[in-house]
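First comes the structure, then the notes that go with it.
The values are calculated or read from the model by the stated rules, or taken from the named source; none is laboratory data. Model, not experiment: these values are computed from the prediction. As a convention, Cβ positions derive from the backbone with ideal geometry for all residues, glycine included, and neighbour counts pool all protein chains shown. With ligands, DNA and RNA removed, areas are computed over all heavy atoms of the protein, side chains included. Shrake-Rupley method; radii C 1.70, N 1.55, O 1.52, S 1.80 Å.
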Amino acid sequence: RPQAEPPADGAGQLVTVTADPEGDTPAVFTAYASRYGATNRNWQFLTGAKSEIRRLAVEELKFVVAEKSAADRDSADDLFIHSTRFVVVDRGGRIRAYLDGEAPGVRSEVNRVVSQLLREPLP
């Protein structure tokens, strides 16, 4: 279950990037968004070519993404080892924070960091 949401005033964006572009179709994202109440227009769900997702996730955002072998899967949906961190990117495109997506209180911490960044002058 998602642990953060964009600020209610619409000033921030929450972006979910798939680790499974073949499986995460627009219909799958729509169902996921509905299941978790991700109806805010400031929440983007991104997919694309596997090579581009890997480049963005690993090279740009410094996330861990690795496909699991069939023998290592706990279920049919257990396809990847992937990061559960939130990355906060400022309006200039610079990474400003990494937060543990499974830590207690991460929602308020994400919102605190975003609110702080919104008070900074534009780059």
Give the residue that is modelled with the lowest pLDDT, with candidates limited to residues of segment 9-24 that are under 23 Å from GLU109 (Cβ atoms) and open to solvent by 70 Å² or more (accessible area, probe 1.4 Å).
ASP9
Here is a check on your reading of the model: is GLU120 open to solvent by 50 Å² or more (accessible area, probe 1.4 Å), in a loop (DSSP other than H, G, I, E, B) and either under 27 Å from GLY23 (Cβ atoms) or polar (S, T, N, Q) (or both)?
no
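Residues checked against (1) within 22 Å of GLY105 (Cα to Cα); (2) at pLDDT below 80; (3) out of contact with any Lys or Arg (no Cβ under 9 Å at 6 or more places or on another chain); (4) of a type in the set (A, V, I, L, M):
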residue: PRO7; (1), (2), (3), (4): yes, yes, yes, no
residue: PRO26; (1), (2), (3), (4): no, no, yes, no
residue: ALA31; (1), (2), (3), (4): no, no, yes, yes
residue: GLY37; (1), (2), (3), (4): yes, yes, yes, no
Mind counting the residues in segment 80-108 that are open to solvent by 60 Å² or more (accessible area, probe 1.4 Å) and part of a helix (DSSP H, G or I)?
2
Sole miss for ALA49 among (1) open to solvent by 70 Å² or more (accessible area, probe 1.4 Å); (2) modelled with pLDDT of 80 or more; (3) not basic (Lys, Arg) is condition (1)
